[in-house]
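Only one structure is covered here, and it is reproduced in the block below.
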Amino acid sequence: MTEPQPRRIAVVGAGIVGLATALSLQAEGHEVTLCDPREPGTATSFGNAGAIVTGGVVPTATPGLWRNVPKMLLDPMSPLKIRWSYLPRLAPWLVRFLDAGRASNAERISGELATLTGHCLDAHHRLARMAGAMDIIKPVGWLKVYRNRAAFDGTAYDRGLMDRAGVKYEVLDADELRQLEPGLSRDFTIGLFQPGSSFVSTPYTLSQAYFRALTERGGRQLREEVTSFTFEGDRVTGVVTAQGRHAVDGVVVATGAWSRGLARQLGHRVPLDTERGYHLNLAWGDGPVLNRPTVIGGPQFVLCPMADGVRLTAGVELAGLEAAPDFRRIKALLPLAQQALPGLSGEITREWMGHRPSTPDSKPVIGASPRHRGVWFAFGHGHMGLSLSAISGQIIADLVAGRAPTVAPEPFAIDRF
Ligand SMILES: Cc1cc2nc3c(=O)[nH]c(=O)nc-3n(C[C@H](O)[C@H](O)[C@H](O)COP(=O)(O)OP(=O)(O)OC[C@H]3O[C@@H](n4cnc5c(N)ncnc54)[C@H](O)[C@@H]3O)c2cc1C
């Protein structure tokens, strides 16, 4: 006997993952309600580097990373930073994170991520066409630049994973780099270029476009925080907010870094934490030329040519959801950014911090609840939430429809931990 199709679906969380999921479900004919007290796209999805990285197959934890933990604790300028006070709460996550970095695990995880990244751009194009937003997604690739061969050689492990996943990339010499990015400092002599990646020149504009498409087609918005769920037997029947209960036939939990509590209510202990990341938006002025998001190897930061300025993004800070932001490191990177991109303005038009929703194995949670009928999960996308949002939504829509999903969801199941 086939399951009856849910018709009224609440997508909880209006970040880029919730928005893409809501739009994908609506395209299948479901009545979708997007629940979030915030304006759509204004949490973590607001401030990222805008890259849709089709070659993003390198997990965050890789072999040998554990050697850097003392530096992470002691050096305020380390790109990876742990706050001492958060260490006791973080410890179980950190143990799993370091385990995920063992060579055999990292290799497997990379292959599993590749099954998603291989579809991530097509899935965005599908939604962007529906939303009339194709012009926001620019096919300019993803570039990393290095000052010398020794620094570039440090990427050997990552390139090995990319090779085995079939990711196309080019190694550029100084002249080729100059042609691609004439505004960058001539100190950079080697580039690693993934031409198949794309760039969203304002991530918030893409969120708005997906949201507009949803509401124009009759999708509803509920500006309320979901606190719990109601059930009849094992089937979900409602989402509960401070304003009351809203009846539904299905729920998708897409609440990013805040998903642990809702997953717990649904019977799952998920080791989700947050890798906080920062950006400074810098006025364009009549400043430099930059055509694509560019990772500056070494200090590890990204410069992105956003519509509203050059965005400097950096940092992985393990300090939880509550602690106040600490802008010292990102501000200390500004002179290095100005060296990398001569002419870059020092006028900061925005300081921002966001919460990457991070599982220890760098894989999102995508799939159906094994405990409750009518419940699906799409969260934990870490460094890749913009890239993987549309394919995640497509997989959820496939599962809700009872079709074989575009990508096998087993590696992303909520009960894998
Ligand atoms: C500095 C930085 C750079 C990045 N660069 C890139 C990049 O270039 N490419 C890329 O692919 N990814 C990048 N990322 C990662 C990406 O931004 C995230 O993975 C992604 O934004 C996560 O989206 P989300 O929808 O899961 O979460 P969010 O955007 O955080 O949205 C979650 C939403 O859930 C809502 N919510 C929470 N609890 C509840 C509740 N109980 N009820 C209702 N609503 C609730 C929140 O209000 C919020 O609006 C970057 C991240 C950072 C920090």
Tell me the residue from Ala314, Ala378, Ala390, Ala319 that is over 21 Å from Ile52 (Cα atoms) and not aromatic (Phe, Trp, Tyr), please.
Ala319
What pairs come out if I take residues in segment 342-361 that are in a loop (DSSP other than H, G, I, E, B) and pair them with residues that are within 8 Å of the ligand (Cβ to nearest atom) whose C-beta lies under 6 Å away, six or more apart or interchain?
Thr359/Gly380
Test: residue in segment 339-346 that is at pLDDT 95 or above and within 14 Å of the ligand (Cβ to nearest atom)
no
Among the residues that make up segment 75-93, is at least one of them closer than 22 Å to His279 by Cα, surrounded by 15 or more Cβ atoms within 10 Å (Cβ to Cβ) and in contact with a His (Cβ under 6 Å, 6 or more places away or on another chain)?
no
When segment 117-159 is examined, which residues are found to be buried (at least 17 other Cβ atoms within 10 Å of the Cβ), among the aliphatic types (A, V, I, L, M) and out of contact with any strand residue (DSSP E or B) (no Cβ under 8 Å at 6 or more places or on another chain)?
Ala123, Leu127, Met130, Ala131, Ala133
Restricted to segment 12-40, and to residues that are near the ligand (Cβ under 7 Å from one of its atoms) and within 13 Å of the chain's Cα centre (by Cα), which residue is surrounded by the fewest Cβ atoms within 10 Å (Cβ to Cβ)?
Gly15
Taking segment 362-412 as the region of interest, how many residues are in a loop (DSSP other than H, G, I, E, B), among the small types (Gly, Ala, Ser) and within 16 Å of the ligand (Cβ to nearest atom)?
2
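Residues checked against (1) among the β-branched types (Val, Ile, Thr); (2) in contact with a helix residue (DSSP H, G or I) (Cβ under 6 Å, 6 or more places away or on another chain):
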site: Leu272; (1), (2): no, yes
site: Gly285; (1), (2): no, no
site: Thr294; (1), (2): yes, no
site: Val302; (1), (2): yes, no
site: Thr313; (1), (2): yes, no
Selection from segment 51-105 of residues that are of a type in the set (D, E, K, R) and in contact (Cβ under 8 Å) with a residue 60 or more places away in the chain
Lys81, Arg83, Arg89, Arg96, Asp99
Suppose we filter segment 266-285 for residues that are out of contact with any His (no Cβ under 9 Å at 6 or more places or on another chain) and on the phi < 0 side of the Ramachandran plot; how many remain?
13
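Among the listed residues Val11, Val32, Val58, which satisfies the condition of being assigned to a strand (DSSP E or B) and under 30 Å from Gly196 (Cβ atoms)?
None of the other options fit; the residue is Val11.
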Any residue in segment 125-150 that is under 21 Å from Val53 (Cβ atoms) sitting within a Cβ distance under 8 Å of a residue that is in a helix (DSSP H, G or I) and β-branched (Val, Ile, Thr)? List the pairs, counting only those 6 or more apart or interchain.
Ala128/Ile136; Ala133/Thr205; Ile136/Thr205
Can you tell me how many residues in segment 45-90 are closer than 26 Å to Gly309 by Cβ, polar (S, T, N, Q) and more than 11 Å from the ligand (Cβ to nearest atom)?
0
State all residues of segment 182-197 that are crowded, with 19+ Cβ neighbours inside 10 Å and over 16 Å from Arg311 (Cα atoms); if no residue qualifies, say none.
Phe188, Ile190, Gly191, Leu192, Phe193, Gln194, Ser197
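The values are calculated or read from the model by the stated rules, or taken from the named source; none is laboratory data. Because the structure is predicted, anything quoted here is derived from the model rather than measured. Cβ coordinates were reconstructed from backbone atoms using ideal geometry, including for glycine residues, and neighbour counts include every protein chain displayed.
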